[in-house]
Amino acid sequence: MKNLLNKLRDNNYLSYDELLKVIENIDGYKDILFQYAVDLRKKYYGTDVYMRGLIEFSNYCSKNCKYCGLRRDNKKVKRYRLSTEEILDCCKEGYRLGYRTFVLQSGEDPYFDDEKLISLVKKIKKNFNEAAITLSIGERSFESYKKLKNAGVDRYLLRHETASEYLYKSLHKDMSFSNRRKCIKDLKDLNYQVGAGFMVGLPNQTNKDLARDLLFLKGLEPEMVGIGPFISHPDTPLGEFENGTVEKTRIMLALTRLLLPKVLLPSTTALGTLDNLGREKALKSGANVVMPNLSPTSVRKDYEIYKDKICTGDEAAHCRKCIEGRINSAGYKVNMDRGDHISLQKFKKYI
Ligand code: 5AD
Ligand code: SF4
Ligand code: FES
């Protein structure tokens, strides 16, 4: 095991069989793994943790992912859409608190067509000129991604969810595994900073599936990777299944850091939901980004993708302070810059 971990640290690569072996036999070696991951993130990003302000602007969704509380068949959800003014107000408050990245997230909501989104993006860029915009709004056509990029969007989050086709199909009855992959590739081709990622502890997920997720990421080389534990939501078909664990998620975060040393890796809210200290533990496993919520408190509880999501009653200013305290207590410090991927940060120095 020690040899395999050293090989991974030194080459940032392992074969599928080797990775699977590491995942299967990690007990007793977790501390070494986490230490290697932390050492590597420090080499590139020091002790900085980048902050992103998350705005959940619509919880309407035309998709029906079996794990997600916002799926279209969940009739218990109180659906909402924020107006342009409300979204700009969130940005304004975020900007005042120091945020220079806004992550606009929604379900797959056809109401927000290209025209509406482009107008929104342009308004945000005009008012908050040096802030980066990240979209997390699901699958769209190449043309749509292209128009949004031209309107000023910098980054796009589209998790691959799972790299195993049979598992993907079982979770997304009316979605296409190949189209998901095509979307991620389109985003890459269009020069977005791209975030892929997956859930840990999905029902019927095996270590083989996880090894495949890691190698898919290695091949893709995304700028960002979102990894969180599966948390069951009672009003979904997976409501009776067990949650993923913090430990297994930490292992996946650390392995991702070793495979992609320069990646921007969020310590996800889902981890903070399962364990009060989950986000701190992620920072101690190679994570270097947090995404506190900027959505109006009036709608926060309605964006319940999984059960008991934290921060649903807390003002943006409260979360900003709370997370800073947590980051500091874990031995890290807040960085409020745009926080582009390091390859772009370097590039910018020369222009
Ligand atoms: N548990 C954990 N993560 C979930 N997501 C959706 N539903 C759940 C759940 N029940 C994740 C998906 C999606 C992201 C926005 O949230 O990976 O891409
Ligand atoms: Fe919709 Fe995203 Fe939830 Fe799937 S994960 S149901 S696309 S909000
Ligand atoms: Fe929202 Fe702690 S980050 S209350």
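The values are calculated or read from the model by the stated rules, or taken from the named source; none is laboratory data. The shown structure was predicted, so the numbers you read here are calculated from the model rather than taken from an experiment. We place every Cβ from the backbone using ideal geometry, glycine too, and count neighbours over all the protein chains shown. Areas reflect the complete protein model, heavy atoms only, side chains present, ligands, DNA and RNA absent. Shrake-Rupley method; radii C 1.70, N 1.55, O 1.52, S 1.80 Å.
For the chain, what does the alpha-carbon gyration tensor say about shape, rounded, prolate or oblate, given a ≥ b ≥ c as the root eigenvalues, a/c under 1.5 as rounded, and a/b over b/c as prolate?
On the way: a/c = 1.41, a/b = 1.22, b/c = 1.16.
The shape class here is rounded.
Solvent-accessible area per residue in the range 54-150 equals 45 Å², computed with a 1.4 angstrom probe and all protein chains kept. Model label points for residue 302 and residue 208, set 7 angstrom from Cα along the Cα-to-Cβ axis, are 4.4 nm apart.
Each residue of the range 269-276 is assigned a 3J(HN,Hα), and the resulting list reads 4, 4, 5, x, 6, 6, 8, 3 Hz, derived from the Karplus form 6.51 cos²θ - 1.76 cosθ + 1.60 (θ = phi - 60°), x at Gly and Pro.
The length gained by stretching the chain between residue 79 and residue 44 to full extension, at 0.36 nm per residue less their Cα-Cα distance, is 8.5 nm. Accessible surface computed residue by residue for the range 186-296, with neighbouring protein chains in place and a 1.4 Å probe, gives 29 Å² per residue. For the chain, DSSP calls about 5 percent of its internal beta bridges antiparallel. The fraction of accessible area contributed by carbon and sulfur in the chain is 49 percent, rounded to a whole number (1.4 Å probe; ligands and nucleic acids excluded). The accessible-area ordering, largest first, of the residues 72, 100 stands as 72, 100, per a 1.4 angstrom probe. Here is how the number arises for the chain: DSSP H runs of 4 or more residues each give -39500 (n - 2.57), the sum is divided by the residue count, and the result at 222 nm is -13500 deg cm²/dmol. Distance check, please: which entries in 7/42; 75/173; 43/218; 182/281 exceed 22 angstrom between their Cα atoms? Going by Cα-Cα distance, 182/281 fall outside the 22 Å limit. Here the simple spin-label model places points 7 Å from the Cα toward Cβ, and for residue 170 and residue 115 these points are separated by 4.4 nm.
Just tell me the longest site-free run in the chain, where the sites are chymotrypsin sites (Phe, Trp or Tyr not before Pro) in a DSSP loop having at most 10 other beta-carbon atoms within 10 Å.
Segment 112-349 is the longest.
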